[in-house]
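Have a look at the structure below before the remarks.
The values are calculated or read from the model by the stated rules, or taken from the named source; none is laboratory data. Keep in mind that this is a model prediction, so the values were computed, not measured. All Cβ positions, glycine included, derive from the backbone under ideal geometry; neighbour counts span all protein chains shown. Accessible surface is based on the protein model in full, side chains and every heavy atom, while ligands, DNA and RNA are left aside. Shrake-Rupley method; radii C 1.70, N 1.55, O 1.52, S 1.80 Å.
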Amino acid sequence: MNHKERVLAALSHEEPDRVPVFYWAVPEFTEKMISQMGFSDMDELLDYLDIDFRWVEPDYIGPQLINREIGVKKDIWGVDYKLVGHGDLRYWEVVKFPLQGITDPAYLEDYPWPTTDLFDFSTLSDQCEKYKNYAVMTAPGYSSPGLFRIIQRLVGRDSFLEVMMYNPRFFSVLVEKVTRFYEAFIHDFFEVAKDRVDLIRVADDFGAEGGLIISNDTWNQYCKPAIEKFISIPNDLGVKFYMHSCGGVRKLIPEFIALGADVLDPIQTRAAGMAPDGLKKDFGQMISFSGGLDEELLLRKGTPHRIKEGVKELLNIMAPGGGFILGPSHKLKVETPVENVIAMYEAVKEYGR
């Protein structure tokens with residue numbers, strides 16, 4: 001089997017030649033691993049780890065967003081970041097939420113919302129051709145539509161729930177603006193990529209370690225309608241739906257399935273209701289799972305030997321009957337030992353057949 005065939009077999013709840021694997025890390029970890037291993041780029045890293053997925057995205061052609069010399073950047077939504085930390089432990093931290101403290105819906109009409117003119121979608125053709133033997137997915141970041149994760153960066157994570165509860169008209173307009181951008185983005189994206197992309201990744205965080213952080217009313221009023229719009233064009237093309245949400249989202253899994261989700265990622269197994277055996281037993285015939293190897297306690301703090309044992313234990317639960325892709329339960333952090341990540345993927349080759 002090639003990489004694409006392996007992933008598609010697993011998503012059809014068949015057992016492929018080995019369990020597929022995916023990679024998900026903060027940019028700083030990827031840069032560290034590329035440097036330590038002597039690779040020239042991310043493709044070399046992914047080839048070395050035998051990752052079954054590749055990510056595609058249009059080229060950004062808008063104004064320069066990053067100034068590494070002084071350690072500042074701005075994203076397309078107008079959120080300001082500063083590079084903090086030192087040595088290997090450096091990361092981008094938000095220093096300005098551009099809509100924090102704003103509650104007047106009229107203000108949003110003149111806000112500089114991003115448009116698809118910031119991207120050159122024609123570059124997707126060459127990317128899709130280059131990665132045609134892999135499972136091709138919309139890249140994390142701009143190419144993975146989301147809703148609440150964008151709004152949180154605009155108004156501030158600490159202010160998010162307050163704005164939603166006490167300023168519903170303002171919040172509704174925010175939802176409309178973000179949704180409208182992604183509807184246009186998805187249209188332009190798939191106008192070029194068509195069915196050469198295998199999965200659309202929709203990314204939001206609906207859970208925390210203790211369970212859901214949204215109510216049923218919030219899901220039905222805001223989240224579900226937005227996701228239905230995001231996946232409409234891909235569905236018509238036969239593109240599979242890869243739902244990303246961290247945290248304890250067990251109660252939403254039936255909703256994801258009803259929307260047509262083929263995969264749920266990243267499976268934080270220590271969050272409420274996310275134990276692998278329960279997920280496999282209750283939902284394993286209706287949806288596939290991706291992730292599941294504890295990132296915080298095992299990959300960051302374990303030994304390579306213990307990590308291989310953890311992979312074997314996870315595969316024994318999740319691999320039978322297909323429907324499983326192994327990877328970390330959250331983004332690999334910059335402090336994660338490189339040898340631990342290598343051990344994770346080596347273990348799949350040993351135990352995932």
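Checking the a/c ratio against 1.5 first, then a/b against b/c, what shape does the Cα gyration tensor give for segment 62-196? It comes out oblate by the Cα gyration axes. A Förster distance of 45 Å, applied to the separation of the beta-carbon atoms of Thr115 and Glu31, puts the FRET efficiency at 0.90.
Note on the chain: helix-only mean residue ellipticity at 222 nm, from DSSP H runs of 4+ residues weighted -39500 (n - 2.57) and normalised by residue number, equals -12000 deg cm²/dmol. Of all lysines in the structure, those lying under 28 Å Cα to Cα from Lys73, and not within fewer than 8 positions of it along the same chain, are Lys32, Lys82, Lys96, Lys177, Lys331, Lys333. What the Cβ-Cβ distance of Leu297 and Ala106 gives, at R0 = 56 Å and to the nearest 0.05, is a FRET efficiency of 0.70.
Each part gets one Cα centre, and for segment 156-177 versus segment 263-308 those centres are 32 Å apart. The rule of thumb for compact globular proteins, 2.2 N^0.38 Å, goes into the C-alpha radius of gyration of segment 27-76 1.43 times. From the Cα gyration tensor of segment 173-219, with a ≥ b ≥ c the square roots of its eigenvalues, which class applies: rounded if a/c is under 1.5, or else prolate if a/b is larger than b/c, or else oblate? Oblate is the answer for segment 173-219, as a/c is 1.5 or above yet b/c matches or exceeds a/b.
Remark: spin-label model distance Asp126-Tyr166 equals 5.2 nm, labels positioned 7 Å along the Cα→Cβ axis. Available extension along the chain between Asp17 and Glu209 is 65.8 nm, counting 0.36 nm per residue and deducting the alpha carbon span. P(r) tail for the chain: Cα pairs beyond 31 Å make up 33% of the total. According to the calculation over all Cα-Cα pairs in segment 1-132, the P(r) per 5 Å bin from zero is 2, 8, 12, 13, 16, 16, 13, 9, 7, 4, 1, 0 %. Within the chain, which is the longest segment containing none of the GluC sites (Glu not before Pro) that sit in a DSSP loop and have at most 15 other Cβ atoms within 10 Å? Answer from the scan: 70-208. Using 0.36 nm per residue and subtracting the Cα-Cα separation, the extra length available between Glu69 and Glu176 on full extension is 34.9 nm.
Ligands, DNA and RNA left out, the accessible area of the chain computed with a 1.4 Å probe is 49% carbon and sulfur.
Taking all protein chains into account, the per residue accessible area for segment 246-353 stands at 39 Å² (1.4 Å probe).
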